[in-house]
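Report on the following structure.
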Amino acid sequence: MKHFLYLFAQDQKVATITYESKEDSWSLEYDANWVALPNAFPLSPALPMLPVTKAYVSGTIKRFVENLLPEGLALDISASTYGVTKNNVFALIQQLGVETAGAFRFGVDRTAVEAAKQDNSIREITAAEVNDRLRQREQIPFVVWDKKVRMSIAGYQDKLTVLIQQDKGESHMYLAAPPLASTHILKPEPMGRNMPHLVANEYYCMTLAKKMGFPVADVSILRVPRPVLLVKRFDREIAESPAGLAVKRFHMVDACQASDLPVSFKYERNLGSNEQVRDVRDGMSFEKLFACVNHTINKASAKLTLLRWALFQFLICNSDAHGKNFSFFVLRDGLEPAPWYDLVSVVQYPEISHELAMALGDVFDLKEVKGFAFADFAQRCQIPRTLLHREAVKVANSAAKYADALALNDEFTNGERAFILKLSRFVIQQAELLKIYTKEALKIDSSFL
């Protein structure tokens, strides 16, 4: 039996996806009117709008859609809420597809998708209500509001997408329904005690990156009074329309989608790191990530952005920087790197694995990353080692300039500040190591690589 998904960008039909459930077969057809538009864009580099000699690969279409869905507990909750299995990608995207990352809205009924334009319904929520829901998280999942799953973006962590509007100097927060969309993401502290001050950690790392001049999503700490990281979505923009409030959506893909990899390949060791399979490295790697540069509009600029992103991950020791933690805007002529997000110093938490999501060279253990690892990384990613060292020195000196002052930010409570001061000292130490190791990399004989 065939089922259909209609994709819309704003009010324009983009494509139709056909799904045959028994064979788990997917096919895609772009709308001719969409392709004819001068500002039209494809779903991803692996699904171009240009004529092809054969049909799109079924698995490529499924992988693109699957990468839009949440993971872990959020996926379990979504599947349970809608009474489907969590590997039923089609059933999940038809329920969650109105608010995925990027520009598209998915609908299984064309009439219903069109009718959603007239809805324009929003429900205001208060800080007190958010705090109350956080208190009840063990009984009622934070992603479920009004018996609907309100988090349809990728990732494991508890999140809630909301629309925030400024009115006469006051900020109002809403749960939005199509055709409106969310503009921000709420990321509360995780349940449990093994990752304390995660909100402050991410706020510090993101703010440090922005202070250093890097393209980063805007963040702030919302206290309800529990701390919640408020992230401004860079794939959304408030706009005014003749009908009133509107939200413009921009298309983007993460590195897994750009590389046509399934979500299970977001780690380089996609089968795990036990002795039997540790040498299997088919997942996202720095080499594959830098290969995405081939799809970008400005290749030199994109490669430099990726290099700085990789160096910053070492600076803060974000061992969980994986293939879904870097995204690109999708334009008709190619990709452009999107602002950075999910910057966290994971090594501050001893109970969490510190194995690198993507190896530096051939090294997955941060303690073993030294000059040779950086030289190997540069060789694999086709980066001149002189450029590697030059950028590393810039990154290190900039971090040393701002790290301590940012730790004294008034945003932090006393308990958070002690944690962040320790983190800032750690970053300064890493900055010195970054200069030392990349200088060592200059001296490695190329024949050893």
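Report the paramagnetic label zone for VAL280: residues of segment 358-388 whose backbone N is under 18 Å from a point 7 Å from Cα along the Cα-to-Cβ axis.
Hits in segment 358-388 for VAL280 at 18 Å: 358-359.
What FRET efficiency comes out for SER301 versus MET1 if R0 is 41 angstrom and r is the Cβ-Cβ distance? Round to the nearest 0.05.
Calculated transfer efficiency: 0.30.
Sort GLU237, GLU287 by Cβ crowding within 10 Å, fewest neighbours at the top. Before the final figure, lay out each step's value.
Working: GLU237 14, GLU287 17.
If I rank by nearby Cβ atoms, fewest first, I get GLU237, GLU287.
Given a Förster radius of 41 Å and the C-beta distance between ILE140 and LEU449 as r, what FRET efficiency does 1/(1 + (r/R0)^6) yield to the nearest 0.05?
According to the calculation, E is roughly 0.15.
Using a Gaussian network model of the chain with C-alpha springs under 10 Å, which one of GLN165, GLN139, GLN429 is most mobile by mean-square fluctuation?
Of GLN165, GLN139, GLN429, the Gaussian network model singles out GLN139 as fluctuating most.
Using Cα centres only, tell me the gap between segment 153-204 and segment 286-319 in whole Å.
Centre-to-centre (Cα) distance: 26 Å.
Tell me, ASP410, ASP158, ASP254, ASP362 in order of fewest to most beta-carbon neighbours within 10 Å?
With the fewest neighbours first, ASP410, ASP158, ASP254, ASP362 line up as ASP410, ASP362, ASP158, ASP254.
Need the full-extension length gain, SER21 to SER241, defined as separation in residues times 0.36 nm minus the C-alpha distance. One decimal, nm. Present the calculation step by step, with values, prior to reporting the outcome.
Working: separation 220, 0.36 × 220 = 79.20 nm, distance 3.97 nm.
Contour length minus Cα-Cα distance gives 75.2 nm.
Tell me, rounded to the nearest percent, the portion of alpha carbon pairs in segment 120-249 spaced more than 18 Å apart.
56
I need TYR203, TYR56 ordered by Cβ neighbour count within 10 Å, fewest first. Walk me through the intermediate numbers first.
Details: TYR203 27, TYR56 19.
Ranked by crowding around the Cβ, least crowded first: TYR56, TYR203.
Taking each pair of different alpha-carbon atoms in segment 2-116 once, compute 1/r for the pair, average those values, and report the inverse of that mean as the Kirkwood hydrodynamic radius in Å to one decimal.
14.7
The list (i) 5, 23, 34, 26, 10, 2, 0; (ii) 4, 17, 24, 22, 14, 7, 4, 3, 2, 1, 1, 0, 0, 0, 0; (iii) 4, 20, 30, 27, 15, 4, 0 gives values of P(r) over Cα pairs in 10 Å bins from 0, in percent, and only one came from this structure; which label was calculated from it?
Read-out from the structure maps to (iii).
Rounded, prolate or oblate: which fits segment 252-448, taking a ≥ b ≥ c as square roots of the Cα gyration tensor eigenvalues, rounded meaning a/c under 1.5, else prolate when a/b beats b/c?
rounded
Would you mind computing, in nm to one decimal, how far apart the modelled labels at LYS248 and LEU442 are, each placed 7 Å from Cα along Cα→Cβ?
Reported label-point gap for LYS248 and LEU442 is 4.5 nm.
Students often get this wrong, so check it: of LYS288/LYS435; LYS394/LYS435; LYS148/LYS232; LYS211/LYS394; LYS13/LYS248, which have C-alpha atoms separated by over 19 Å?
From the list (LYS288/LYS435; LYS394/LYS435; LYS148/LYS232; LYS211/LYS394; LYS13/LYS248), the Cα-Cα distance tops 19 Å for LYS288/LYS435; LYS148/LYS232.
Quickly work out the ASN194-to-ARG223 label distance, labels modelled 7 Å from Cα along the C-beta direction, and quote it in nm with one decimal.
Going from the ARG223 label point to the ASN194 one covers 2.9 nm.
What's the extension gain from ASP11 to ASP167 if we count 0.36 nm per residue and subtract their Cα-Cα distance?
Net length gain for the segment: 53.5 nm.
Starting at the first residue of segment 438-449, write each ³J(HN,Hα) from the Karplus equation 6.51 cos²θ - 1.76 cosθ + 1.60 with θ = phi - 60°, in whole Hz, x for Gly and Pro.
6, 5, 4, 4, 5, 8, 5, 5, 4, 5, 7, 8
Where a number appears in this text, it was derived from the coordinates with a stated rule and is not lab data. The structure displayed is predicted, hence computed values, not measured ones. Because the Cβ atoms are built from the backbone with ideal geometry, glycine has one as well, and the counts that use them run over all protein chains shown.
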